[in-house]
Each structure stands twice: as structure tokens, then as C-alpha cells.
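The values are calculated or read from the model by the stated rules, or taken from the named source; none is laboratory data. Values in this document were obtained by computation on a predicted structure and should not be read as measured data. Here the Cβ positions follow ideal geometry from the backbone for every residue, glycine too, while neighbour counts run over all protein chains shown. Keep in mind that these areas ignore ligands, DNA and RNA; they rest on the heavy atoms of the full protein, side chains included. Shrake-Rupley method; radii C 1.70, N 1.55, O 1.52, S 1.80 Å.
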Protein chains: 2
Amino acid sequence: MKNPPSLDQLIAALKVLPGVGPKSAQRMAFHLLQKDRGGADKLARALDHALLNLRHCQRCHTFSESPLCNVCADAERRQDLLCVVEMPADLLMLEQTRCYDGLYFVLMGRLSPMDGIGPKDIDLEKLIARAVDGVVQEVIIATNFTAEGEVTAHLISEMLQAHGLRVSRIARGMPVGGELENVDPGTLAQAMYERRSVS
Amino acid sequence: MKNPPSLDQLIAALKVLPGVGPKSAQRMAFHLLQKDRGGADKLARALDHALLNLRHCQRCHTFSESPLCNVCADAERRQDLLCVVEMPADLLMLEQTRCYDGLYFVLMGRLSPMDGIGPKDIDLEKLIARAVDGVVQEVIIATNFTAEGEVTAHLISEMLQAHGLRVSRIARGMPVGGELENVDPGTLAQAMYERRSVS
């Protein structure tokens, strides 16, 4: 006696989710099939819809359904400020603080030499190309204050400064080792206001 | 600036999974869209396939792709023994012990008065109808030894005995408070061998 193939396939498929092992995957499969078939169908549809419709914004690289995301398409925002963040969630946190009206570049990751993630993997060339458009005057680096975020910030600063750009880093008003996603908006706003030029 | 609708829908849909809150759902969505689009597609397909193909076995109620599951369709197994378990995972654990060659009935749940889950919700009528077929001589109750599993075992025993059936309970060789899913096969086999008649 083994599980039916379609059940085993579902359990295996659920293990693609980060943090989900064999036991959780089995529990999730039983829950969906037994208690929430509507939710399972909604999830399948949402996955299809997202895979079909979500692309990267051509300018800032965040997730977007249109070629340009809302922020990049907004002519009211300051075009001379470019803020570099690791993930779309960081961008949303900064937007919630309402203290920044420039544009963004989303790395969709960070350098992580320990995990073999180098400059090529997070497409820094695209950032440079975006930053040297002649309109951007200052690049504000808002990667996390984790080890990986700091390494990323350091490399980006050097690359951008080599192109003659003014580079700043949001202030270390954030707790050391903290991640943008988990900080309160007030602290994050303070860090934005107190950004300092990279010497 | 907000998330694109298809991203928000995916995050909301992932929250149907047990144990997944807003932050995990967001992390999962980013992971799937950024790092594992193939996995996301596989998950959507597996959900569709499982929803389409998995039904309950007509006799034992476990998940099955055919009207009768492998166990119920196996004429070699003892037809006079019926073992009642809470979930399909429990059935698989018992099969792994290779100490039981009778049939099963899977409750697909347990009584849980605290959560408002009563006899109607786990379809005990179906169990009774299955057990009084005239072929079954003994019903072995192998619900978990948790509070809910014990309450369930108690009620089932009374109902089945009222129909004149011989009822036994797997031995308390299992650790108190333990769940079948997490026990080693040897202990579970012992509990099966030492099952005792309900007085």
C-alpha cells in the first residue's frame, strides 16, 4: 500500500516551498484535499495567473504586471534619486514610510559569497546601466544591514563611484543585523533621512 | 505603490496552507516567482491533478484515484478485521509495520469538542455501515493516543459494541500523547500485536 501517485506528486510539489519539508508537505496536502479544496483550486489559479502576468519592471526590476511598475511610471517622482533595495518587500516598506519620493532599483537578491551568489547572479550590470542614465544624481543604497547586505552595499558603492556617481547609504538608525522587512516604519524613515555620503 | 494584484492574490492564496501566515506567504511567493518558476508551475499542475483525480475510497474513505483503494481491492487481505485510523498517514505507518493484513477505515479526522468537531463531522455513520456488513468480526481502533484520539476511540467503541461487534484498541505501547505518524514502526507493531478487547 502506497499513496496514490497524484497525492505523492502533490506532496513532492509542495516541497518546492521554502521551509517546507516532507512532514509539512504531507500535512498541507491532506489539509487542502480534505478541508479546503476551494483554497487548493484558488492557489493553483493564483500560481498560474502570477506566472503568466508577473514580469520584472524594465527600469527597476521589481515585480510588475506592466512593462513599467507604478513607481517608475510616475512622472511626479524625483527622477534624480535612485534607491537600491534587495527585495520588493523592502521597496514596499520604504513606500510605507512616505519619506522618499525618488525611484528604486530592486536587486532581487544580495551578494552571498557563502552561498556562491556573486555579482553576476544579481545582475549588477543592469543597475550600473540604470544609474548612469545622466538623470540620476544620487544613488541611495538601502540593502539590509546583514553581513550579505553590507557586502552588497560595499561592492555597489565602489562600482557606482567608479562611474562618478554620488552614492549614499541609509543611516545605521536600523538595529545592527536587522532586515528592512521587519523594522518599524519610524526607524526606517530615520535611516532614510540620515543617509550619509560614502567617503 | 502597492504590490501588483496577481502578486497579492498569490500571497493570499498561499495563506490557505496550514501554518503559513502573511510573512511566510510573501517569502514563498517571492521564492517561487524569482527562484523557482518551474516549481511553481509544477505545484499548480499537481494541485489541479490531485483535485481532479483524488477521491475517497468507497469502502475505507482514504484518498484513492480509483473507486476502491489498493488495500480494499486486495482480496488476499483478511476481510474480517477492520482497523480504524484517523488519517491516511496513519494507515501508511501501519502498512510499514507489515504486522496487519486486515482492512481499514480512515476517519479523515477525529472528534474534537474543543474545536466544535462532533460525530457528524467525521461521518461515523459511514463507519458503522461499513462495520456491520456481516463479514467484519473485529474492529481494531487505532486512533491516536491524544485526548481527541481517545475521545474518538471511546465513542466509536460504544457505537460499535451497541451493534454487537467485537471492538479492540491497539495497545498502549505507544508513548502517552504520541501520534501514530511520529512513532517508530517497531513500537507501533507492538501496539498492534497487544491490542486488547474493550470491556
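Quick notes on this structure:
- Conditions (1) at pLDDT 90 or above; (2) over 24 Å from B:Met28 (Cβ atoms): number failed by A:Val106: (2)
So that you can scan it fast, the table gives a plain yes or no per residue for (1) open to solvent by 10 Å² or more (accessible area, probe 1.4 Å); (2) under 16 Å from A:Leu107 (Cα atoms):
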| position | (1), (2) |
| --- | --- |
| A:Leu124 | no, yes |
| A:Ile128 | yes, yes |
| A:Thr143 | no, yes |
| A:Val151 | yes, yes |
| A:Ala162 | yes, no |
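- Of all residues in the stretch B:80-97, those that are farther than 20 Å from B:Ile128 by Cβ have Cβ atoms under 6 Å from Cβ atoms of residues that are not in a helix (DSSP H, G or I), 6 or more apart or on another chain, in B:Pro88/B:Thr62; B:Pro88/B:Phe63; B:Pro88/B:Val106; B:Leu94/B:Tyr100; B:Glu95/A:Met1.
- Screening B:Ile128 with (1) under 24 Å from B:Asp184 (Cα atoms); (2) under 18 Å from the mean Cα position of the chain (by Cα) gives one miss only, at (1).
- Within the stretch A:48-75, residues that are in contact (Cβ under 8 Å) with a residue 12 or more places away in the chain have Cβ atoms under 7 Å from residues that are open to solvent by 70 Å² or more (accessible area, probe 1.4 Å) and acidic (Asp, Glu) in these pairs: A:Asn53/A:Glu65, counting only partners at least 6 apart in sequence or on another chain.
- Of the helices (runs of 4 or more DSSP H) entirely within the stretch A:1-120, those holding at least 1 residues that are closer than 24 Å to A:Arg166 by Cβ, open to solvent by 10 Å² or more (accessible area, probe 1.4 Å) and at the interface with chain B (Cβ under 7 Å from one of its Cβ atoms) occupy A:88-97.
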